[in-house]
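This report refers to the structure that appears directly beneath it.
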Amino acid sequence: VGAEHNTCDESYLWYDLEHLPASHQDSFAAMRRDCAQATSLHAVERCRRFASAPPAPSPAQARQHLADRCQDIAQARPELGHATVATAFIGRRTMSRRAFFDRRVFLISYDPLPDREGRILEATLLAAGPVGAGINLEYYFSTVDNEGFGCGSKVMHNLAGLFAVMQGASSDLRTGLPLQMIEIHEPMRLLVVVEQTTALLTAIYHRQPPLQELIGNGWVVLAAKHPENGDIHLFDPATGWQAWQADPADEATPRIAEVERSRDCFAGRREALPPALLRQPLEAA
């Protein structure tokens, strides 16, 4: 069954349901309920960054607010896009389960154990690496120098040839991101954490020039999490892999909070938030 997820108003459009066999109807209905619950809770998280949203919306109010703003032709900020993206996890979902990352992490599912030669990971890195880096760097450069690499305020934009915009009636072509998309973004290079051994990642790195260009030139920061013992190593293009571990005695290292639900972290707050751990892996509506 195919589906289209509208990331602006959190709606789903399902295809070919008339071909769904009766034996799968109950399972599909349960999945639709899970999707509806997940998108409603996600709508609540998204609304905390919108100045026009109610201060503490219910899931239904949050969904309605998103639907209203995405249909408003005067709305300069219909959605957040990938603003605030900071990292990507390539591994099993146990890496991120029970964690709240405030919409800042790309989650790419990958099982390292059966991938002995790294062929699946190699294809994944070649696909997800440039895409994630491209998104992250687009926000990075548009934020650090919006005049040179961004495109200013979208309020006065005019489309030019369906491939760029102009500022008002006349200007140079502007191809970056507008101010309305980067106001809450913190510019940083994408940290890619891969659940795999350093030896296998090194072999992939040496045989793939696209990865050498991104990682070797520092556009992407690469870390490896060992799939069996959990050790983390950070890749330095000049010196190779460096062991990493948190220093519990370092006062600058914030303690990770534990909460019952993600909304306990962000309720009433609009600023960027640190990660938190959830005591329960699932939360009820």
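The values are calculated or read from the model by the stated rules, or taken from the named source; none is laboratory data. Computed from a predicted model, the values in this text were never measured in an experiment. Cβ sites come from the backbone with ideal geometry, for glycine too, and all protein chains shown count toward neighbours.
Scanning the range 63-81 for residues that are outside any helix (DSSP H, G or I) and either touching a His at 6+ places or on another chain (Cβ under 9 Å) or among the polar types (S, T, N, Q) (or both) gives 71, 75.
Within the range 87-103, how many residues turn out to be assigned to a loop (DSSP other than H, G, I, E, B), touching a residue at least 40 places away in the same chain (Cβ under 8 Å) and surrounded by 15 or more Cβ atoms within 10 Å (Cβ to Cβ)? Explain how you work it out, then say what you get.
To start, the set of residues in the range 87-103 that are assigned to a loop (DSSP other than H, G, I, E, B) comprises 92, 96-98, 101-103.
With the extra rule that they be touching a residue at least 40 places away in the same chain (Cβ under 8 Å), the set shrinks to 92, 97-98, 101-103.
If we keep only those that are surrounded by 15 or more Cβ atoms within 10 Å (Cβ to Cβ) too, we end up with 92, 101-103.
The number of residues fulfilling the criteria is 4.
Using the structure shown, decide if residue 36 is in a helix (DSSP H, G or I), under 23 Å from residue 180 (Cα atoms) and out of contact with any Pro (no Cβ under 7 Å at 6 or more places or on another chain). Outline the logic, then answer.
On the way: in a helix (DSSP H, G or I): yes; under 23 Å from residue 180 (Cα atoms): no; out of contact with any Pro (no Cβ under 7 Å at 6 or more places or on another chain): yes.
Criteria not met by residue 36.
So which residues in the range 39-52 are surrounded by 15 or more Cβ atoms within 10 Å (Cβ to Cβ) and of a type in the set (Ser, Thr, Tyr)? Of everything in the range 39-52, those that are surrounded by 15 or more Cβ atoms within 10 Å (Cβ to Cβ) and of a type in the set (Ser, Thr, Tyr) turn out to be 39, 40. Here is the figure for the range 208-224: residues that are touching a residue at least 24 places away in the same chain (Cβ under 8 Å) and part of a loop (DSSP other than H, G, I, E, B) total 3.
Counting the residues of the range 232-257 that are of a type in the set (Val, Ile, Thr) and at pLDDT below 80 gives 1. Residues of the range 18-38 that are more than 24 Å from residue 60 (Cβ to Cβ) and surrounded by 12 or more Cβ atoms within 10 Å (Cβ to Cβ): 20 alone. Within the range 122-172, the set of residues being in a helix (DSSP H, G or I) and touching a strand residue (DSSP E or B) at 6+ places or on another chain (Cβ under 7 Å) comprises 124, 128, 129, 132, 133, 136, 156.
Only a single criterion out of (1) in contact with an Asp or Glu (Cβ under 6 Å, 6 or more places away or on another chain); (2) in a helix (DSSP H, G or I) is not satisfied by residue 227, namely (2). Every test in (1) crowded, with 20+ Cβ neighbours inside 10 Å; (2) of a type outside the set (Asp, Glu); (3) over 25 Å from residue 232 (Cβ atoms) is passed by residue 169 save one, and that test is (1).
Annotation note: Cβ proximity below 9 Å between a residue of the range 143-159 that is charged (D, E, K, R) and a residue that is part of a helix (DSSP H, G or I) (sequence gap 6+ or interchain) occurs for 154/179; 154/180; 154/181.
Of all the residues in the range 62-79, those that are buried (at least 17 other Cβ atoms within 10 Å of the Cβ), under 30 Å from residue 191 (Cα atoms) and not acidic (Asp, Glu) number 2.
So, residue 201, is that one closer than 21 Å to residue 130 by Cα, in contact with a strand residue (DSSP E or B) (Cβ under 7 Å, 6 or more places away or on another chain), part of a helix (DSSP H, G or I) and of a type outside the set (Asp, Glu) or not? So residue 201 fits the description; yes.
The C-beta contact set for the range 26-45 (first residue closer than 17 Å to residue 100 by Cβ, second residue of a type in the set (A, V, I, L, M) and crowded, with 17+ Cβ neighbours inside 10 Å, distance under 8 angstrom, 6+ apart or interchain) comprises 40/62; 43/62; 43/66; 44/62.
Summed over the range 64-113, the residues that are within 10 Å of the chain's Cα centre (by Cα) and over 21 Å from residue 135 (Cβ atoms) give a count of 0.
Filtering the range 181-204 to residues that are buried (at least 18 other Cβ atoms within 10 Å of the Cβ), of a type outside the set (Val, Ile, Thr) and farther than 19 Å from residue 239 by Cα leaves 181, 185, 190, 195, 196. Touching a residue at least 24 places away in the same chain (Cβ under 8 Å) and not polar (S, T, N, Q), is that true of residue 199? No; evaluated as a whole, the condition is false for this residue.
If we keep just the residues of the range 6-25 that are among the hydroxyl-bearing types (Ser, Thr, Tyr) and at pLDDT below 95, which is nearest to residue 100 (Cα to Cα)? Can you show your working first?
Filtering the range 6-25 for residues among the hydroxyl-bearing types (Ser, Thr, Tyr) gives 7, 11-12, 15, 23.
Now drop any that are not at pLDDT below 95, which leaves 7, 11-12.
Working: 7: 19, 11: 23, 12: 24 Å.
Among residues in the range 6-25 that are among the hydroxyl-bearing types (Ser, Thr, Tyr) and at pLDDT below 95, the one nearest to residue 100 (Cα to Cα) is 7.
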